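What follows is a short report on a single structure.
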Amino acid sequence: MKILITGGAGNIASSLAKKLAELDYQVVIVDNLLTGSISKIPKNKNTVFINADVNNLDDMSSIFQTNHFDYVFHYAAIVGVERTLANPISVLNDIKGIENILTLCRDHNIKHVFYSSSSEVYGEPFEIPQHEVTTPLNSRLPYAIVKNVGEAYFRSFQHEFGLDYTIFRFFNTYGPNQSEDFVIPRFIRAALKGADITIYGDGRQTRTFCYIDDNVDACITAFQDEVYINDVINIGSDIEISILDLANKIRELVGSKSKIIHLSPLKEGDMTRRCPDISKMKLLLKRELITLKEGILLLINHMNKDI
């Protein structure tokens with residue numbers, strides 16, 4: 001069985017590729033390395049890497065023709081709040097990639113396609129926890145709009161062509177492969193070096209944080225058990241913490257004397273709260289999630305090796 005993973009040089013997709021390859025699936029990774037890294041791609045006999053851009057239909061057509069994929073995980077996207085705010089046109093271009101992948105999946109009789117959407121589609125919360133069906137999607141940011149449009153594309157291709165899908169709405173996921181552009185590895189790196197930990201605004205904005213193993217295990221179970229077909233699943237944690245409390249927790253676990261410095265708030269994109277309803281995810285995992293303390297300690301041990 002052969003699986004295509006787009007964006008496979010990124011944090012979540014590379015971890016997914018590694019686990020699927022270990023489960024003896026044949027995995028083809030496609031990434032243009034714009035935000036991903038070749039170092040994240042798993043070294044496994046079942047894994048092949050192709051440097052290509054999903055927004056280029058000719059390149060992707062050739063890859064689909066050469067390989068006979070059974071399943072596709074479309075994870076390729078420009079990510080990161082600051083990066084997406086600074087490059088809105090590039091973000092909007094990702095719609096081309098979504099259309100390309102779905103068109104090729106339709107034409108090559110792919111059995112099922114999985115899509116990495118985002119918690120960003122919810123915007124400022126109307127309700128907590130944020131539920132896949134009942135919570136309105138109200139963000140106006142280009143990144144969130146693209147993810148929302150992507151979801152509409154998946155539903156439309158299923159309606160018109162019978163192409164089955166599952167949409168994963170990812171909330172903050174962290175782990176050893178995550179770029180230090182993101183909050184937890186950035187805070188840990190600063191704490192390990194005794195450098196200042198910088199926070200946008202007063203730090204009262206809350207988030208939930210999901211360790212990579214919980215994310216990947218839930219998504220693979222949905223795939224292998226063939227559940228939540230033509231459905232949406234929140235993938236994350238349901239334990240909220242403020243960014244200020246997160247910084248203090250990391251300082252404590254590292255044993256650091258780093259100072260916490262408050263910067264001006266971001267003009268947009270820094271929502272006040274994030275907390276998903278993860279009832280579906282818990283049914284998939286059939287175990288307790290890794291706690292934030294456990295996950296941070298795992299990441300501290302990993303990052304300590306590089307200091």
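Below are the figures for this structure:
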item: Exclusive hit being touching a Lys or Arg at 6+ places or on another chain (Cβ under 9 Å) and surrounded by fewer than 16 Cβ atoms within 10 Å (Cβ to Cβ), set Glu82, Glu132, Glu124, Glu120; result: Glu124
item: Subset tally (residues that are of a type in the set (A, V, I, L, M, F, W, C) and either closer than 11 Å to Ile233 by Cα or in a strand (DSSP E or B) (or both)) for region 105-121; result: 2
item: Single match in Thr173, Thr166, Thr135 (criterion: at pLDDT below 95 and of a type in the set (Ser, Thr, Tyr)); result: Thr135
item: Every residue from region 28-44 that is outside any helix (DSSP H, G or I), over 16 Å from Ala76 (Cα atoms) and out of contact with any helix residue (DSSP H, G or I) (no Cβ under 6 Å at 6 or more places or on another chain); result: Lys43
item: Among residues of region 57-96, those that are part of a loop (DSSP other than H, G, I, E, B) and either hydroxyl-bearing (Ser, Thr, Tyr) or in contact (Cβ under 8 Å) with a residue 12 or more places away in the chain (or both), counted; result: 10
item: Pairs, first closer than 16 Å to Phe168 by Cα in region 120-135, second surrounded by fewer than 18 Cβ atoms within 10 Å (Cβ to Cβ) and among the aliphatic types (A, V, I, L, M), C-beta under 7 Å, six or more apart; result: Val121/Leu137; Tyr122/Leu137
item: Residue within region 162-178 that is among the polar types (S, T, N, Q), outside any loop (DSSP other than H, G, I, E, B), surrounded by fewer than 21 Cβ atoms within 10 Å (Cβ to Cβ) and in contact (Cβ under 8 Å) with a residue 12 or more places away in the chain present; result: no
item: Test for Asn100: is it touching a residue at least 24 places away in the same chain (Cβ under 8 Å), in the same structural domain as Ser119 (by TED's automatic domain parsing), more than 18 Å from the chain's Cα centre (by Cα) and part of a loop (DSSP other than H, G, I, E, B); result: no
item: Residue match in region 12-27 (condition: hydrophobic (A, V, I, L, M, F, W, C), closer than 18 Å to Ser116 by Cα and assigned to a loop (DSSP other than H, G, I, E, B)); result: no
item: Filtered residues of region 244-274 (kept if surrounded by fewer than 19 Cβ atoms within 10 Å (Cβ to Cβ), among the hydrophobic types (A, V, I, L, M, F, W, C) and closer than 30 Å to Thr134 by Cα); result: Leu244, Leu266
item: Residues of region 251-307 classified as over 22 Å from the mean Cα position of the chain (by Cα) and of a type in the set (Val, Ile, Thr), total; result: 4
item: Count - residues of region 138-161 that are under 20 Å from Asp70 (Cα atoms), buried (at least 20 other Cβ atoms within 10 Å of the Cβ) and touching a strand residue (DSSP E or B) at 6+ places or on another chain (Cβ under 7 Å); result: 1
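Every residue, every condition in (1) closer than 25 Å to Leu163 by Cα; (2) of a type in the set (D, E, K, R); (3) touching a Pro at 6+ places or on another chain (Cβ under 7 Å), yes or no:
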site	(1), (2), (3)
Lys43	no, yes, no
Phe49	no, no, no
Gln65	yes, no, no
Ala77	yes, no, no
Lys96	yes, yes, no
Leu102	yes, no, no
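The values are calculated or read from the model by the stated rules, or taken from the named source; none is laboratory data. These figures come from a predicted structure and were not determined experimentally. All Cβ positions, glycine included, derive from the backbone under ideal geometry; neighbour counts span all protein chains shown.
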